[in-house]
Amino acid sequence: MARFRRRTCIILLLFILFICSIMMALKTLRPDRAGFGDPFGLGLLPELQQRTELLENRQNSLNRVHGDAVTQISNMHAVAVNTMKASMPPVSKLEEELSSPNYNFHIFYYSWFGNPQFDGKYIHWNHPLLPHWDPKIANNYPKGRHNPPEDIGANFYPELGSYSSKDPSVIEAHMKQMLSASIGVIALSWYPPGMADENGEPTDDLVPVILDYAHKYNLKVTFHIEPYKDRDDRSMYHNVKYIIDKYGAHPAFYRHKTSTGRFLPMFYVYDSYVTIPEIWANLLTVSGSQTIRNTPYDALFIALLVEERHKHDIHRSGFDGMYTYFATNGFSYGSSHHNWASLKAFCDSNNLMFIPSVGPGYIDTSIRPWNNHNTRNRVNGKYYETAFNAALLVRPEIISITSFNEWHEGTQIEKAVPKRTGQIVYLDYKPHKPNVYLELTQKWSEKYRKEKEQWLM
């Protein structure tokens, strides 16, 4: 009888452990029906809060950091990720064998990193830990700044180390990695000359070098225009003119073939909702006072959609399409996979492009230690593949990927390696190789090509 009780207890214990493992895996995938109204999620969109303040009352908000700071993560994180045993189909392609670029796959790329060898100091790798906007919550979390090269502002560690975006060998390595993933277009984060994000330095002088290396590997470059100071219809006209005049003749400068047969530049406009539709309409409608339409600087302008109501603002503003950017399923209306079908239908009925953004996961607790709630674990590639599958279901003309190297927010597909130093244990891609997310991207790029042929039949 005692032996029977022991056996029953052991079976019950194993069953409980199994249920816990399943619940952990399901939590990391994040249900599609997760709500947008979470205060932590909204806090990551300071500009959205600013719009709300203008319409209602002023509230405290958190300045968005489009990538920053360092990661001091515990062994618990590593153990949790390693327990995710989701299987992934093997990719037989050799790493060294480069694929042909798919110009319908666009990837967000950041050239804001620096180190002492090339820049005289660390830039972005030493990102500060950002305080929560509620002082009571902020007091419960550490403050300070990361200390590269061992302690960087990321939860993962790059195979290339704490590199400089100015290093030619790094730029070339990045181009090789993107081509191996069958990516065709680099959506380069861009600020006007002399301007930068609050933790970086100006990077426009790097654009010619990036264009040259992109051309070497048959890649194209488009521009992801960041929310620089005083961005409005007049400054946008000036900056679009600057980009096209200075870089438009380069063979790597991306132009998209429209349904009317025109080849137009494309610009992603981050945080476009911060500017009211009436201002955008001055630039983007034919009758606007600053209209860029039917001029030598006409282009395709793609707005960021966060909330559902933004789709009407985007249409009214004169944008040519919308993208969703965030690699966090359930974080916003736009980033929630189950909303993509209705967004695509809206775009189709209003002659707009819908560009869903997929990503391998999300974790920014190295720079926002209070934001664990918005973490999306990678589940050994399962999260990424789920996003790709959701994107293909709506048959988009273009798929965007967040990101190649936004290390601060843990959305990178760039090669990462295991690393442990002192009290810091970085996450990694084990049990797979450092290039696993490049391989998965290549796999889905080929799948997209084959399915698109059937869509067009």
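In table form, for the structure just shown:
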item: Charge dipole (debye, nearest 20) of region 89-212; +1 at Cβ of Lys and Arg, -1 at Cβ of Asp and Glu; result: 380 debye
item: For Leu304, residues with placed amide H under 5 Å, excluding near neighbours; result: Val269, Asp271, Ser272, Tyr273, Tyr323
item: Rel. contact order, % - alpha carbon contacts under 8 angstrom, at least six apart, region 298-349; result: 32 percent
item: Region 195-280: C-alpha gyration tensor shape, a/c 1.5 cut-off, then a/b vs b/c; result: oblate
item: Carbon plus sulfur fraction of accessible area for region 100-192, probe 1.4 Å, in percent; result: 51 percent
item: Apportionment of accessible area to carbon and sulfur, region 206-276, percent (1.4 Å); result: 53 percent
item: Heavy-atom accessible area per residue - region 152-196, 1.4 Å, Å²; result: 22 Å²
item: Student exercise, region 198-248 dipole from Lys, Arg, Asp, Glu Cβ charges, in Debye to nearest 20; result: 280 debye
item: Arg145 long-range amide H proximity, modeled H, under 5 Å; result: Leu129
item: Relative contact order for region 322-438, counting Cα pairs under 8 Å that sit 6 or more residues apart, in percent; result: 25 percent
item: Length released on extending from Arg293 to Asn350, taking residue separation times 0.36 nm less the Cα-Cα span; result: 18.7 nm
item: Selection of trypsin sites (Lys or Arg not before Pro), region 183-245, meeting DSSP coil and at most 13 other Cβ within 10 Å; result: Lys229
item: Test item: Cα-centred dipole of region 222-282, Lys/Arg +1 and Asp/Glu -1 on Cβ, debye; result: 360 debye
item: Global geometry of region 318-361, whether rounded, prolate or oblate, following the gyration tensor of its Cα atoms and the 1.5 cut on a/c; result: prolate
item: Relative contact order (percent, whole number), region 165-231, Cα cutoff 8 Å, 6+ residue spacing; result: 41 percent
item: Signed unit charges on C-beta, dipole axis of region 329-439, positive-most listed residue His432, Ser403, Thr421; result: Thr421
item: Prolate/oblate/rounded label for region 305-457 (Cα gyration tensor, a/c 1.5); result: oblate
item: 5 angstrom amide H check on Gln412, placed H, neighbours 5+ away; result: Ser403, Glu406
item: At most 15 other Cβ within 10 Å, DSSP loop - GluC sites (Glu not before Pro), region 355-457; result: Glu397
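The values are calculated or read from the model by the stated rules, or taken from the named source; none is laboratory data. For clarity, every value in this text was computed on a predicted model and none was experimentally measured. Here Cβ is always computed from backbone atoms with ideal geometry, including for glycine, and neighbour counts include all displayed protein chains. These accessible areas exclude ligands, DNA and RNA; they are computed on the full protein's heavy atoms, side chains included. Shrake-Rupley method; radii C 1.70, N 1.55, O 1.52, S 1.80 Å.
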